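> Here it is, the structure in full.
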Amino acid sequence: MKRSGFQFVKMSSRKSKSNNLIHAEYLSQVQRILRERFCHQSPHSNLFGVQVQYKHLIELLKRTAIHGESNSVLIIGPRGSGKTMLINHALKELMEAEEVSENVLQVHLNGLLQINDKIALKEITRQLNLENVVGDKVFGSFAENLSFLLEALKKGDRSSSCPVIFVLDEFDLFAHHKNQTLLYNLFDISQSAQTPLAVIGLTCRLDILELLEKRVKSRFSHRQIHLMNSFGFPQYLKIFKEQLSLPAEFPDKIFTEKWNENIQCLTEDRSVREVLQKHFNVSKNLRSLHMLLMLALNRVTTSHPFMTAADVMEANHLCSMDSKANIVHGLSVLEICLIIAMKHLNDIYEEEPFNFQMVYNEFQKFVQRKAHSVYNFEKPVVMKAFEHLQQLELIRPMERTSVNTQREYQLMKLLLDNTQIMNALQKYPNCPTDVRQWATSSLSWL
């Protein structure tokens, strides 16, 4: 009897172990699926509130890919409004069509990476797989080189030439290239009856057309698609739910059901709605929502397999943390004293700029009053602490340093307000009582 009891315990522990392993495996898959969704503008996720713009873009791309008609368009919208996701969705749908998938070529350039036309041309050559064709050829001009590349894609007449889709991310940065040669040539080809070409620029600048040269502007079609995050809070809640829900094709159906039910409960939770409402009021930007969800997802483990309202609230706390106040937590007591001295100078002189000598005098007054509890530092040591605050960008000089100005008398401005200083002091570990009292006193001589 004893032996069978022992076997039962052994079997049940083995079972729970295997359950834990299955749980761990599913959770790692959940983390992978959701993180991919949050970090990459996945073309598999749904589009929100941009159906009209999507229809316009897909029609334009189809005219290039199927009918060989050249086009150019600018997608304009604030950061995080879904410009990249929109173009990714459109390209995915386009490439699923049989007559398109084998024929259309794509070139993706980014203004942050291709900082001049020479680098851009190399990248175009690489993405079109034409390194062997170009070989050691020497070209007289950029236009000659680009037209040679596009010529190499032709199979015969214009109708059988390969359509090329150019996607230019950070489009406004290409406008700063010398003579805007790349933009001029791309728009020029899209205007002429050469290779079918679609040029799609993504930018967050509304004044983008003002940056273009006259010759470039005259060759651009002036089509613009604006994304403005025009959805309301109910739609935002729906996005929250859809972004966290698991797809139907997830291996374990029971786990998927439980997970999605839990997400539904989260969406209806009052505290979660309050957090989301706050986020929505600050920014409708989906990127900031993804950041919040990513931080909440990080708290999901095998011992805590489902997301709770507390996780979302903790993630919100991390998102809304004041980075400057966090820096103050890591300062030395001397540096804290200098910041308090600056705070008092701001109160007395009504936000007028100060210099090191004024701050040092203020600090000395405090030290003389509290000589029994505060250590008096040498002036060079205090100066070093002052310079460290400048390196951390908690204070900044009012004008550029000139050779003649002594460092002690250079005018500075404090980049922290009183609320930030007081909040940081509340959380500062082992802050001397005298220092805290000095900070709360309204005038420095009290």
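The values are calculated or read from the model by the stated rules, or taken from the named source; none is laboratory data. Owing to the predicted nature of the structure, the values given are computational and were not obtained by experimental measurement. Counting neighbours? That spans all protein chains shown, and the Cβs are built from the backbone with ideal geometry, glycine included. Surface accessibility is based on the protein's heavy atoms, side chains included, excluding ligands, DNA and RNA. Shrake-Rupley method; radii C 1.70, N 1.55, O 1.52, S 1.80 Å.
> Taking the Cα centre of the chain as origin and charging only Cβ (+1 Lys, Arg; -1 Asp, Glu), how large is the dipole, in debye to the nearest 20?
Details: 52 positive and 47 negative charges, 256 e Å.
It comes to approximately 1220 debye.
> What are the extents of the Cα atoms of the range 299-405 along their three principal axes, listed from largest to smallest and rounded to whole Å?
That gives 61, 40, 26 Å along the principal axes, largest extent first.
> In addition: Residue separation times 0.36 nm, minus the C-alpha to C-alpha distance between L392 and N298: what's the value?
So the chain would gain 30.9 nm between L392 and N298.
> Follow-up question, since we're still on this one. With the dipole of the chain worked out from charges on the C-beta (+1 for Lys and Arg, -1 for Asp and Glu) around the Cα centre, which of F174, P78, F142 lies farthest toward the positive end?
Final value for the positive-end residue is P78.
> Oh, and also: Would you compute, from DSSP H runs of 4+ residues alone, the mean residue ellipticity of the chain at 222 nm, taking -39500 (n - 2.57) per run and dividing by the full residue count, rounded to the nearest 500?
Values: 22 runs with 255 residues, N = 446.
Mean residue ellipticity, 222 nm, calculated: -17500 deg cm²/dmol.
> Let me ask you something else. Full-extension gain between L112 and R407, please, as 0.36 nm times their residue separation minus the C-alpha to C-alpha distance. Mind dumping the intermediate values first?
Values: separation 295, 0.36 × 295 = 106.20 nm, distance 3.72 nm.
Length difference between fully extended and current span is 102.5 nm.
> Mind checking which of V328, P251, P234 is farthest towards the positive end of the chain's charge dipole, using Cβ charges of +1 (Lys, Arg) and -1 (Asp, Glu) about the Cα centre?
The listed residue farthest towards the positive side: P251.
> So which aspartates and glutamates can K238 reach, going by Cα to Cα under 17 Å and dropping same-chain residues fewer than 8 places off?
Partners found: E261, E268, D269, E274.
> When only C-alpha pairs under 8 Å and at least 6 residues apart count, what is the relative contact order of the chain, in percent?
In percent, rounded to a whole number, it is 15.
> On to the next question. Counting only protein heavy atoms, what percent of the accessible surface of the chain is carbon or sulfur at a 1.4 Å probe?
53 percent
> Using DSSP to define loop residues, name the trypsin sites (Lys or Arg not before Pro) in the range 252-351 whose beta-carbon has at most 14 other beta-carbon atoms within 10 Å.
Counting only loop positions with at most 14 other Cβ atoms within 10 Å, the trypsin sites (Lys or Arg not before Pro) in the range 252-351 are R299.
> In nm, give the distance between the simple-model label positions of Q437 and Q51, each being 7 Å from the Cα along the Cα-to-Cβ direction.
It is 6.8 nm.
> Under a 1.4 angstrom probe, counting protein chains only, how are Y349, Y236, Y428 ranked by accessible area, largest first?
Accessible-area ranking of Y349, Y236, Y428, largest first: Y349, Y428, Y236.
> Taking amide H positions as placed in the peptide plane 1.01 Å from N, state which residues far from V374 in sequence (5 or more) or on other chains have amide H under 5 Å from it.
none
> Of the listed values (i) 126, 72, 53; (ii) 94, 92, 45; (iii) 71, 59, 47, identify the label whose number matches Cα extents along the principal axes in Å calculated from this model.
Here Cα extents along the principal axes in Å agrees with entry (ii).
> Quick one: if you stick a label point 7 Å off each Cα along the C-beta vector at D269 and S230, how many nm between them?
With each label placed 7 Å out from Cα toward Cβ, I get 3.4 nm.
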